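Below you'll find the structure, written out as structure tokens, and then a few comments.
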Amino acid sequence: MSADTRIPRPHSTTQSVLWLGISAVCWALLYWANGRVWTALILRPSADQAGRLQQAIHFFFYDSGKVLLLLFATVFAIGLVRTTLNPEAVREYLLDKPLWLSLLLAVLLGAITPFCSCSSIPLFIGFVAAGVPLAVTLAFLLASPLVNEVAVVMLAQSFGWPITVAYVASGLGMAMLIGAILSRFDLDDQVKDFIRSTPTSRLHATQHRPTLAERIDASIEETKEIVGRIWKWVLLGVGAGALIHGWIPADFISTYAGSNSPLAVLLVVALGVPLYSNAAGVIPIAEALWSKGMATGTVLSFMMATVALSIPEFVLLKQVLKNRLLGIYAAAVSVAIIIIGVSFNMIFH
């Protein structure tokens, strides 16, 4: 059976608009049902009484569904946009803007998207494929899991506004600075080839104005191609996250990374890499560590490392970025987080 038989394709403009509307409604219903279904099936009768195994199983199914749904939607939507916008035109438009403005817009977009590190990757893929400069997309990728509205409110309630403002400013500033540094290097060849050689790119090469039906057809093929390449890595990455989700040894960390330890910041950054949580999830742990006397900068470094340097994220990024850029990105983020932690320990001492 052909792919066209499995996925009905529209042929006229009216059919195309109707197809898009029905697809959007179906996607929204699936996204809405994803968390509720898995909670009802796995965490009943009470999520508060669920054991670690139940929570890990729930995390795997819920996060896998969420990331895959976001991957389908963002790759398709950005593919549809790309059939209208020439990637080279997008690149030239952004290159005409000051670098600081492009980076600022990227980190602000990251701040208002409430995604964890894995959920941000579908948007990252779409931006790279659309011709957005790589340094700008990496700034978005870093800012998105670090800062969001929920995390800001929780931080303010737990630590007060001065520390919250310092966390947000340093997180967004770090994303912009790393983006600015990476923009000085020619790293475009460090993205896997399939990201830029897709059906929507080939549609541009035909040199004719595509119909809406042709644009939808190319976007479907692009979604199948990209998702088909990385879906198993999504499951592997989320599976790794499920095994360690919520396992943050607060007593161990407070003992060996307390206020008297000169290597505290280095230790919490190293510990943050195998751990996995979003910003809202790690804040209660950070508050507990802070209440036990851990220095402010060390606490903030632990939060940043946990949400921005995780094994699941790098499992997924490995399918998109080549090893050299992946290593540069990880090293730059690690060094920046350590500098922030040490600096804040001196300021808030």
Original post:
How much of the accessible area of segment 281-349, probe 1.4 Å, is carbon plus sulfur, in whole percent?
Top reply: 70 percent
Subject >> For segment 169-174, Karplus couplings with θ = phi - 60° (6.51, -1.76, 1.60), whole Hz, Gly/Pro x >> reply: 5, 6, x, 5, x, 4
Original post:
Got a sec to turn the phi values of segment 62-78 into Karplus ³J(HN,Hα) couplings, 6.51 cos²θ - 1.76 cosθ + 1.60 with θ = phi - 60°, whole Hz, x for Gly and Pro?
Top reply: 5, 5, 4, x, 5, 5, 5, 5, 5, 5, 4, 5, 6, 5, 5, 5, 6
Original post:
Based on the Cβ-Cβ distance of Ala331 and Asp96, what FRET efficiency does E = 1/(1 + (r/R0)^6) give at R0 = 25 Å, to the nearest 0.05?
Top reply: 0.20
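Given the Cα-Cα distance of Thr211 and Ile112 and 0.36 nm per residue of separation, how much length would full extension add, in nm?
Taking 0.36 nm per residue and subtracting the Cα distance, the gain is 32.3 nm.
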Original post:
Whose amide H sits under 5 Å from the amide H of Leu321, counting only residues 5 or more places off or on another chain, with H placed in the peptide plane?
Top reply: Lys192
Original post:
So what are the ³J(HN,Hα) numbers for segment 337-347, from phi and the Karplus equation (6.51, -1.76, 1.60; θ = phi - 60°), rounded to whole Hz, Gly and Pro as x?
Top reply: 5, 5, 4, 4, x, 5, 5, 5, 5, 6, 6
Original post:
Rounded to the nearest 0.05, what FRET efficiency is calculated for Leu263 and Arg184 with R0 set to 30 Å and r the Cβ-Cβ distance?
Top reply: 0.45
Subject >> Packing rank of 12-18, 338-344, where each peptide gets the mean count of other beta carbons within 10 Å, highest leading >> reply: 338-344, 12-18
Original post:
For segment 142-194, which whole-number percentage of the solvent-accessible area (1.4 Å probe, protein heavy atoms only) is attributable to carbon and sulfur atoms?
Top reply: 67 percent
Original post:
Between Ile347 and Phe194, what FRET efficiency follows from the Cβ-Cβ distance if R0 is 51 Å, with the result rounded to 0.05?
Top reply: 0.70
Subject >> Estimated inter-spin distance, Lys322 and Leu30, nm [label 7 Å along Cα→Cβ] >> reply: 3.4 nm
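The values are calculated or read from the model by the stated rules, or taken from the named source; none is laboratory data. From a predicted model like this one, the values you see are computed outputs, not experimental measurements. Backbone-built Cβ (ideal geometry, glycine too); neighbour counts: all protein chains shown. Heads up: the accessible areas ignore ligands, DNA and RNA and are worked out on the full protein's heavy atoms, side chains in. Shrake-Rupley method; radii C 1.70, N 1.55, O 1.52, S 1.80 Å.
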